[in-house]
Every structure is written in structure tokens, then in C-alpha cells.
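Single-structure report; data block below.
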Amino acid sequence: MKTPRILVVSVIAAMVLSAGSCDAEPDATPSPSPSPAASPIVTPEPTPSPEPVFDPHPPLSDLYVTTDGILPLQIGVPLATNTGAAMLFLEVDSCYSAELGITSGDLDRWIADYSLGMHPDGWEMRPFGVDVSGALPLWRIDVFSDTLTTPEGIGIGSLLTDVQAAYPDLVTGVSDALSQIYWIEGANGYVVFEVQDDSEGFQPPGTPPTVILMRVIMAGEDPNWQASNSGNVAGACF
């Protein structure tokens with residue numbers, strides 16, 4: 001009888017089909033990987049520039065002659081509040097001289113606290129001198145060194161033509177056989193240029209009009225006066 005054999009074959013076939021259907025499940029679709037979050041762009045803060053350090057006593061090479069003074073030494077300001085007071089020292093009894101009979105009175109002088117140097121005329125002097133007394137404003141600064149110039153490069157030894165080219169608004173003052181006076185003016189004072197040439201024998205032959213003296217005068221004072229060949233210098237004892 002063949003019926004049982006057919007049944008066995010049918011059962012085996014069903015098992016094979018069942019097993020095949022279990023192994024043939026479709027692959028799952030892979031999920032896309034999440035994109036990494038973009039990092040925020042951070043702009044670095046600019047590094048602040050250091051504040052310039054104020055120097056109350058700059059080297060001579062850093063100084064310029066202006067209508068405000070030889071900064072930080074201010075024209076027209078008492079030393080008690082002057083930003084450049086450290087550029088000076090008080091020499092007690094500076095003018096005392098028993099030989100000259102100067103033994104009393106105003107003997108102290110404020111002196112430029114810089115090394116002695118050679119004046120263009122050949123004598124040893126501080127680079128500048130000042131006229132100031134007590135609590136009064138500093139009213140006069142005389143330039144004695146040709147290394148001290150204006151920001152435009154004008155100083156002792158400059159030709160008058162260079163002064164005129166540097167300052168179109170140059171004012172002309174007194175002019176005679178002794179010297180000629182010129183100045184520039186600012187809110188706080190004047191820079192005065194005193195000029196000589198060889199015409200009267202005060203300068204060597206062939207000398208064109210040349211700056212021989214330079215000074216700063218505070219506003220409100222008269223800038224139109226001569227000092228050459230007179231001994232009239234800032235800080236003088238007479």
C-alpha cells in the first residue's frame with residue numbers, strides 16, 4: 001500500500017518550504033547616520049593694545065619743541081601741576097657768588113635734569129633752560145641744544161628758508177642789525193626763532209640767515225624781543 005510514503009514526502013516538502021520562508025526575510029533598510037552638529041564659529045576677541053606708559057622724564061632724543069612746551073614739560077603751567085616737572089631739579093643757591101656779590105635774594109634755580117652738552121657756539125650747557133619762580137607758571141624755555149628740534153625738524157642751525165618753508169603762517173617780528181625775530185603761535189604759547197647772518201659780523205663770513213636762538217614763550221607774554229649777544233637767557237642769575 002503506497003499512501004504512507006506519499007504522506008511522508010509531503011510532510012518533508014512542507015518542512016523544507018517552511019524553513020526556506022524563515023531564512024528569506026528581507027533586509028532592513030539601514031537608517032542614515034545623523035550628521036554631526038556644526039560647531040559654532042567663535043571669533044576671538046582682539047587683544048587690547050597696552051596703554052602707553054607715561055614717562056615723566058623722557059630721553060632727550062624723544063623730546064620736541066612745540067608751542068605747548070617741550071612735552072611733557074608744559075609752558076604756562078606751574079611746576080606743582082606740570083606733567084614734566086620731573087625733567088627739572090631745583091639747584092639751591094645756584095646763583096650764589098661771593099665774587100660777584102650775589103649772596104642774597106632769589107638764588108635758587110630750576111635746572112634741566114639732563115647731561116651737559118655742547119652749545120653750537122662752543123660752550124658747555126644743559127640742553128635747555130627755564131624761567132619759573134615759586135608757584136608762578138613756567139613762562140619761558142630756552143633751547144640750547146641743536147638736537148632739540150620742532151616736529152618739523154627746525155632747530156638751532158636751521159636756515160631761515162627752511163623755517164619759512166616749514167611754517168607758512170610764520171609771523172615776522174622785529175628786524176634790525178642785531179637779529180630778526182620770527183615765531184609760530186599756538187593755543188598755549190609761541191615758538192620763537194631768532195635769526196642772524198654775516199651782515200654785521202656776528203656770524204662767520206658766508207653765513208646765510210640762520211636760527212641762532214630758539215625759545216618757547218607762554219601765551220599772553222610778548223614774543224617779539226631779541227636776546228642774542230646780550231646774556232639774556234632763561235635761568236640767568238642777573
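Read-outs throughout are calculated quantities, based only on the coordinates presented, and are distinct from any laboratory measurement. In this text the structure is predicted, and so the values were computed from the model without any measurement. Counting neighbours? That spans all protein chains shown, and the Cβs are built from the backbone with ideal geometry, glycine included.
Structure values in brief
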item: Gain upon complete extension [PHE202, LEU136; 0.36 nm per residue less C-alpha separation]; result: 20.2 nm
item: Equivalent-ellipsoid semi-axes of the stretch 114-175, from the Cα gyration tensor, Å, largest first; result: 24, 18, 10
item: For the stretch 184-224, fraction of C-alpha pairs farther apart than 13 Å, in %; result: 55 percent
item: Length released on extending from GLU91 to LEU178, taking residue separation times 0.36 nm less the Cα-Cα span; result: 28.0 nm
item: Cα centre as origin, Lys/Arg/Asp/Glu Cβ charges: the stretch 60-218 dipole, Debye; result: 300 debye
item: Kirkwood-based Rg to Rh ratio, the stretch 60-218, C-alpha trace; result: 0.99
